[in-house]
Structure formats: structure tokens, C-alpha cells
Amino acid sequence: MPPLINEVAYALWFILPAYIANAFPVIFGGGLTIDRGKKLRDGKPIFGSHKTVRGFVAGLIAGTLTSLVQAALLQSDMLSDFVLPFQFTILTGSMIALGALVGDLVHSFIKRRISLAEGSPLPVADQLDFVVGAIFFSVLVSAPPPLLTVVLILIITPPIHLLTNYLAYLLGAKKTPW
């Protein structure tokens, strides 16, 4: 593969548990909210009704299972030529998934504080909140990925995120296309 294609593949490999963890709450969310409907002194919800325990747990499990499959593939003969420029373990992938979910929660918390209604767009932040959380949590357990990997993740994620959200909207899994 040409070098840029390799670098994009590395970036996608690294961030895949976050992509999966971020998508699963849309599919499997609902039920008890994480903030249990409580509000802060400002009278606004902590996170809002779209952040549920079931969605968070589903995202964490799906992201962790993704990293388990990735780790198994790296150990197999199928990907013997695929040498990553960073350390990737099940723990790293699990932390990437957890970081994605926490990053999304922080984003929701901020949106509630600035009086944006649930489901309202906040361009750029909507596309990158989970990625920033994923990268931050990954460095808690392993060396950071190369700068090129991070830059590529930041470049490729917004269009991927917008496209998948639009598809989820078309399929009726989301009420808004963003």
C-alpha cells in the first residue's frame, strides 16, 4: 500500500473502538438516564435524556469487543504485514472506547451549560468530542499514537461522523441528521 493509505489505515485502526463505542448508544440506548433526570443549580439537566446507562454500557462493551477482535487479528497470520506505528492492546482499545463515551458525556454537559437543547448541533465539537476523549484516555495506558495518526483522525472523523449520522437518520435510528 502507498504510504498515505497505510497512515490512514493506522488512524482508522486506532480510532475504530471509539467509532464503534460512539455508535452503539444510538442503536441500543434508552432507559435509565445517566443523570437520572437530575439538574444542577442552573436548572438544566446534567447530561440530558439522550445519555443513558444502557447506551453507555452497550458502547463500552461494543468498543471493548472491537479491540478484542483487533488484538486477535494482529496476532493472527491474516495481518502479518500490518505493523502499527503504535502499541495497540485490548486495554488500549478498551480505554479508547471508554474515552469516547466520556468525551461525549463532557460534550453533552457543556451543551447543557450553554443552553443548547438536546439534539441541537454544535459543529466541530459534535464530530470530535468522542475522538478527543478517546485519544486522551488511550495515553493513560500506553504511549500516545504518532502525531500523524492523530492529525489524520481529526481530519477523517468529521466527514465519517456526518455521513454515519445522516445514514442513522435515514434509517430512523436518529431524530436529527447530525
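The values are calculated or read from the model by the stated rules, or taken from the named source; none is laboratory data. Since this is a predicted model, take the numbers as computed values, not measurements. Here the Cβ positions follow ideal geometry from the backbone for every residue, glycine too, while neighbour counts run over all protein chains shown.
With the structure loaded, tell me whether THR64 is under 29 Å from SER142 (Cβ atoms), exposed (fewer than 15 other Cβ atoms within 10 Å of the Cβ), in contact (Cβ under 8 Å) with a residue 12 or more places away in the chain and within 21 Å of the chain's Cα centre (by Cα) or whether it fails that test. Spell out how you get there, then give the answer.
On the way: under 29 Å from SER142 (Cβ atoms): yes; exposed (fewer than 15 other Cβ atoms within 10 Å of the Cβ): no; in contact (Cβ under 8 Å) with a residue 12 or more places away in the chain: yes; within 21 Å of the chain's Cα centre (by Cα): yes.
Taking the combined requirement at face value, the residue does not satisfy it.
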Subset of region 76-114 (residues that are exposed (fewer than 15 other Cβ atoms within 10 Å of the Cβ), touching an Asp or Glu at 6+ places or on another chain (Cβ under 9 Å) and either more than 29 Å from ALA143 (Cα to Cα) or basic (Lys, Arg) (or both)): ARG113
Residue that is among the β-branched types (Val, Ile, Thr), under 19 Å from LEU16 (Cα atoms), assigned to a loop (DSSP other than H, G, I, E, B) and more than 12 Å from the chain's Cα centre (by Cα), where the choices are VAL83, VAL69: VAL83
In region 130-143, the residues that are surrounded by 13 or more Cβ atoms within 10 Å (Cβ to Cβ) and farther than 18 Å from LYS174 by Cα: VAL131, VAL132, GLY133, ALA134, ILE135, PHE136, PHE137, SER138, VAL139, VAL141, SER142
All positions within region 49-71 that are at pLDDT below 95 and out of contact with any helix residue (DSSP H, G or I) (no Cβ under 6 Å at 6 or more places or on another chain): SER49, HIS50
Number of positions in region 144-174 that are surrounded by fewer than 17 Cβ atoms within 10 Å (Cβ to Cβ) and farther than 19 Å from GLU7 by Cβ: 10
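Of all residues being in a helix (DSSP H, G or I) and among the β-branched types (Val, Ile, Thr) in region 19-46, which is nearest to PRO158 (Cα to Cα)? Just the residue, please. Reasoning before the result, please.
Narrowing region 19-46 to residues in a helix (DSSP H, G or I): 19-28.
Now narrow it down to the ones that are among the β-branched types (Val, Ile, Thr): 20, 26-27.
On the way: ILE20: 15, VAL26: 17, ILE27: 20 Å.
Result: ILE20.
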